[in-house]
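I have placed the structure first, in the form of structure tokens, so that the comments after it can refer back to it.
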Amino acid sequence: MGGWERFTETFLNAKVMARYWPDIVSGLGTTIELAALIVVSGLAAGLALAVLRSFGIRVVNWGIIFVVDLFRALPPLVIIVLIYFGLPSIDVVPSGFVSTWLSLALVLMAFSEEIFWAGITAIPRGQWEAARSTGLGFTQTLAHVILPQALRITIPPLTNRTIAITKGTALGSVVAVTEILGQASSAVSNSYNPSPLTLGAAAYLVLFIPVVVFGRWVERKFR
Amino acid sequence: MIQAKGIHKQFGALHVLKGVDLDVAERELVFIIGPSGSGKSTMLRCLNRLEVPTSGSVVVDGIDLLDPRTDLNHARQRIGMVFQSFNLYPHMTALGNVTLALRKVAGKSRAEADEIGHAALARVGLAERADHRPGQLSGGQQQRVAIARAIALEPRVMLFDEPTSALDPELVGSVLGVMRALRESGMTMVVVSHEMGFARAAADRVMFMDDGLIVEQGPPAQIFEAPLHARTRGFISQIQRH
Ligand SMILES: Nc1ncnc2c1ncn2[C@@H]1O[C@H](COP(=O)(O)OP(=O)(O)O)[C@@H](O)[C@H]1O
Ligand SMILES: [Mg+2]
């Protein structure tokens with residue numbers, strides 16, 4: 001058997017791929033579901049924290065900064081493992097899916113809070129003063145004047161950070177989430193052949209290349 | 001219309017206002033001059049509580065601005081302010097800038113607010129620019145939109161903080177023209193500016209501020225031609241040389 005044949009036999013084995021592609025597709029579905037949940041809840045929580053921080057209540061802000069720094073410092077896998085293996089000891093038993101969702105949502109919350117906050121503080125003081133001088137209240141000014149401008153400048157960094165964190169869904173395979181990598185790994189151990197990993201990589205590309213291209217477009221459009 | 005008494009303002013150790021009294025009658029135009037850093041902006045900002053005085057009292061149109069029970073957002077609708085740097089909302093059209101507070105503070109419907117907004121823009125000569133964003137307008141036009149944003153709320157007093165200082169010379173006239181018209185309509189105005197021509201033509205009283213105090217005040221002719229204090233004389237000859 002030549003080198004090329006051995007290579008295709010190992011990584012592009014048609015028989016193995018034919019048998020396991022439905023699993024990979026189902027993994028793709030799980031990854032999309034997990035990613036969507038992380039993006040929506042992580043960004044919502046991040047924005048909520050940034051808005052809360054803008055009220056300037058000192059104790060609250062210390063808390064926010066502590067939480068944000070914590071989840072920016074910890075490796076995401078460590079958070080997943082802590083939640084999945086740690087919480088059961090206090091009788092909370094999250095599934096691998098929920099552990100991964102929670103962990104990555106917390107990480108995205110932390111990073112996006114910093115990005116939203118940077119956006120809010122980048123808006124000149126004169127915008128606040130003009131709005132307040134016409135009688136708008138603090139929250140009205142934030143909602144109608146500050147946030148619409150702040151969100152616009154946060155879109156490029158936010159898109160990049162969101163993509164980076166969403167790819168972390170692959171970490172779910174460690175805690176038995178049947179997302180793309182999880183499905184591919186078990187297919188590999190069942191078939192004694194790594195070809196499902198090739199399929200898995202292809203599935204990630206199908207999912208993330210459009211997202212990355214979208215991110216590039218967003219960056220150009222909003223710069 | 002405005003009674004400000006004994007205003008002191010400190011930023012930490014920096015004593016910016018050192019006991020300023022300012023009384024402005026209804027329909028009066030008071031013009032404030034003074035060197036950079038003398039506290040003119042801070043004084044003006046105390047009159048709508050963008051700045052809270054360290055001590056003193058500020059009453060505008062019978063409302064005590066320093067009383068904690070005062071509904072500040074309500075009071076501020078009656079006190080229009082125009083800034084040196086316009087501070088228009090860049091993400092909104094000219095009309096959007098003018099109508100935001102009408103809808104959110106004055107509680108007008110969108111249709112009502114738009115009608116008032118169009119009328120305010122017409123008053124500053126920008127009826128045709130209602131759908132333009134600030135970025136598509138010249139500095140003079142932006143400042144006139146800012147004036148429209150304030151007058152749309154039908155304020156009792158208008159405060160101007162160097163409204164023409166950021167403008168190219170050829171655009172100054174259009175803004176001063178709007179201010180003249182506003183003055184002729186009977187608006188009570190406090191104007192911080194160095195436009196001596198405007199002061200001569202429109203001001204009832206000129207105040208010279210230096211180092212956190214009002215050094216002297218009087219009719220424009222007196223302050224410009226025969227100031228009593230050496231500091232006033234020095235300042236006026238300095239800005240006339242420009
Ligand atoms: N928010 C602030 N914090 C600290 N210092 C300030 C603040 N605002 C103004 N100042 C200081 O107060 C002084 C007077 O400023 P200002 O009222 O803007 O003067 P003017 O408008 O006459 O140029 C300046 O020294 C300025 O640096
Ligand atoms: Mg100033």
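When B:His91 is tested against the conditions (1) over 29 Å from B:Lys18 (Cβ atoms); (2) under 17 Å from the mean Cα position of the chain (by Cα); (3) assigned to a loop (DSSP other than H, G, I, E, B), the lone failure is (2).
A quick yes/no check of all residues on (1) among the hydroxyl-bearing types (Ser, Thr, Tyr); (2) closer than 21 Å to B:Ala199 by Cα; (3) more than 13 Å from ligand 2 (Cβ to nearest atom); (4) modelled with pLDDT under 95:
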{"residue": "B:Gln3", "(1), (2), (3), (4)": "no, no, yes, yes"}
{"residue": "B:Gly6", "(1), (2), (3), (4)": "no, no, yes, yes"}
{"residue": "B:Leu14", "(1), (2), (3), (4)": "no, no, yes, yes"}
{"residue": "B:Pro35", "(1), (2), (3), (4)": "no, yes, no, yes"}
{"residue": "B:Gly39", "(1), (2), (3), (4)": "no, yes, no, yes"}
{"residue": "B:Val52", "(1), (2), (3), (4)": "no, no, yes, yes"}
{"residue": "B:Ser55", "(1), (2), (3), (4)": "yes, no, yes, yes"}
{"residue": "B:Asp61", "(1), (2), (3), (4)": "no, no, yes, yes"}
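Taken over region B:1-29, the criterion of being within 16 Å of ligand 1 (Cβ to nearest atom) and either surrounded by 20 or more Cβ atoms within 10 Å (Cβ to Cβ) or touching a residue at least 24 places away in the same chain (Cβ under 8 Å) (or both) is satisfied by B:Ala4, B:Ile7, B:His8, B:Lys9, B:Gln10, B:His15, B:Val16, B:Leu17, B:Lys18, B:Gly19, B:Val20, B:Leu22. Among the residues making up region A:176-196, those that are within 13 Å of A:Trp21 (Cβ to Cβ) and surrounded by 17 or more Cβ atoms within 10 Å (Cβ to Cβ) are A:Ile180, A:Gln183, A:Ala184, A:Ala187, A:Ser195, A:Pro196.
Listed by position, the helices (runs of 4 or more DSSP H) enclosed by region B:124-242 that each have at least 1 residues that are within 16 Å of ligand 1 (Cβ to nearest atom) and basic (Lys, Arg) are B:230-240. Somewhere in region B:85-103, is a residue within 13 Å of another protein chain (Cβ to nearest Cβ), within 16 Å of ligand 2 (Cβ to nearest atom), free of Cβ contacts under 8 Å to residues at least 40 places away in the same chain and under 21 Å from A:Ala143 (Cβ atoms)? So far as region B:85-103 goes, no, none of its residues is within 13 Å of another protein chain (Cβ to nearest Cβ), within 16 Å of ligand 2 (Cβ to nearest atom), free of Cβ contacts under 8 Å to residues at least 40 places away in the same chain and under 21 Å from A:Ala143 (Cβ atoms).
Looking only at region A:68-101, residues that are without any contact (Cβ under 8 Å) to a residue 60 or more places away in the chain, within 15 Å of A:Val174 (Cα to Cα) and surrounded by 15 or more Cβ atoms within 10 Å (Cβ to Cβ) come to 4 in all. Listed by first and then second residue, the pairs linking a residue in region B:193-209 that is over 21 Å from B:Ser85 (Cα atoms) to a residue that is part of a loop (DSSP other than H, G, I, E, B) and hydrophobic (A, V, I, L, M, F, W, C), with Cβ atoms under 9 Å apart and 6 or more places separating them unless they lie on different chains, are B:Asp204/B:Ala25. If the condition is being in contact with a Gly (Cβ under 7 Å, 6 or more places away or on another chain) and within 16 Å of ligand 2 (Cβ to nearest atom), then region B:69-84 contributes only B:Phe83. Can you tell me which residues in region B:30-76 are crowded, with 22+ Cβ neighbours inside 10 Å, away from ligand 1 (no atom under 16 Å from the Cβ) and within 11 Å of another protein chain (Cβ to nearest Cβ)? Answer for region B:30-76, where residues must be crowded, with 22+ Cβ neighbours inside 10 Å, away from ligand 1 (no atom under 16 Å from the Cβ) and within 11 Å of another protein chain (Cβ to nearest Cβ): just B:Arg76.
Hey, can you tell me all the residues within region A:121-156 that are assigned to a helix (DSSP H, G or I), at the interface with another protein chain (Cβ under 8 Å from one of its Cβ atoms) and not hydroxyl-bearing (Ser, Thr, Tyr)?
Of region A:121-156, the ones assigned to a helix (DSSP H, G or I) are A:121-122, A:125-133, A:138-156.
Adding the requirement that they be at the interface with another protein chain (Cβ under 8 Å from one of its Cβ atoms) leaves A:126-127, A:129-133, A:140, A:144-145, A:148-149, A:152.
Passing the criteria: A:Gly126, A:Gln127, A:Glu129, A:Ala130, A:Ala131, A:Arg132, A:Gln140, A:His144, A:Val145, A:Pro148, A:Gln149, A:Arg152.
Of the residues making up region B:165-192, those that are away from every other protein chain (no Cβ under 14 Å), buried (at least 22 other Cβ atoms within 10 Å of the Cβ) and within 16 Å of ligand 2 (Cβ to nearest atom) are B:Val191, B:Val192.
Checked against the criteria, B:Leu66 does not count as under 20 Å from A:Trp128 (Cβ atoms), away from ligand 2 (no atom under 16 Å from the Cβ) and either modelled with pLDDT under 95 or not β-branched (Val, Ile, Thr) (or both).
The values are calculated or read from the model by the stated rules, or taken from the named source; none is laboratory data. What you see is a predicted model, and the numbers here were worked out from it, not measured in a lab. Methodologically, a virtual Cβ is constructed for each residue, glycine included, from the backbone with ideal geometry; neighbour enumeration extends over all protein chains shown.
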